[in-house]
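Visitor: One structure coming up, written as structure tokens, with questions to follow.
Read the figures in this text as sums done on the coordinates, not as results from a lab. Given the structure is predicted, the values throughout are model-derived calculations rather than measurements. Cβ coordinates were reconstructed from backbone atoms using ideal geometry, including for glycine residues, and neighbour counts include every protein chain displayed.
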Amino acid sequence: MRDTNSRRIVVLLGTVLLLTGCSASSATLTPAATTSTSPTAASTATAPPTARPTPKPTPTGPPAAPTEARYHDDQTIAQVPVTVSWHEVSSDGVSIWVYGVTKCLASTDNADCVSATTKIPASALSLFRQVPATEGTTTWTWTGMNIGGALGVYDSVTYDAIILVAVNEAGRSPFVVAGTIKRCDYCTS
């Protein structure tokens, strides 16, 4: 019986302390924390909207392949200027990767070394440049020399074709051919 009475006293004391704590905390409320039914100047004023940064749009998929890809050089002079150009439908966040194809992949004489359907092995590709798509063009110069029928030279790499690939965070487009030579079985290096 004594155990039961002791428990009751402990529970009663805990309840008294709890109620005392609640009434003490309610006495510390400030007027700002109470609610009012009449509007005040502070409550009717609206805060100015805060400017939120515009999130950068995430690409929904790989970019489309560039259009109107062109390769032009002037091999009639010693310092050969090369211009590669394109149009890009969606250029925001897109880079154009310019590759040289280092060997002719045509299977028959007088056929383009690279076409839109050519399977290009990685071993035949050399990445020359990564250019923002908005630029629409890139140029370089090589010194005229005997290049054995190749299309051109970038640094010391001879190439038989130039292809372009549009790249963004979501992926890569199919390649497009900007320039290529034809396979020539009787040509010599």
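Visitor: For region 67-180, what is the convex hull volume of its Cα atoms per residue in Å³?
Guide: 106 Å³
Visitor: Going by average Cβ neighbours within 10 Å, how do the peptides 105-115, 80-90 rank, with the highest at the top? Working shown, then result.
Guide: Numbers: 105-115: 15.4, 80-90: 17.3.
For the peptides 105-115, 80-90, the packing ranking is 80-90, 105-115.
Visitor: In addition: Where does the charge balance sit around Ser115 when Lys and Arg score +1, Asp and Glu -1, over other residues with C-beta under 13 Å from its C-beta?
Guide: Details: positive: Lys119, Lys182, Arg183; negative: Asp112, Asp160.
For residues surrounding Ser115, the net value is +1.
Visitor: How many angstrom separate the Cα center of region 145-183 from the Cα center of region 96-124?
Guide: 8 Å
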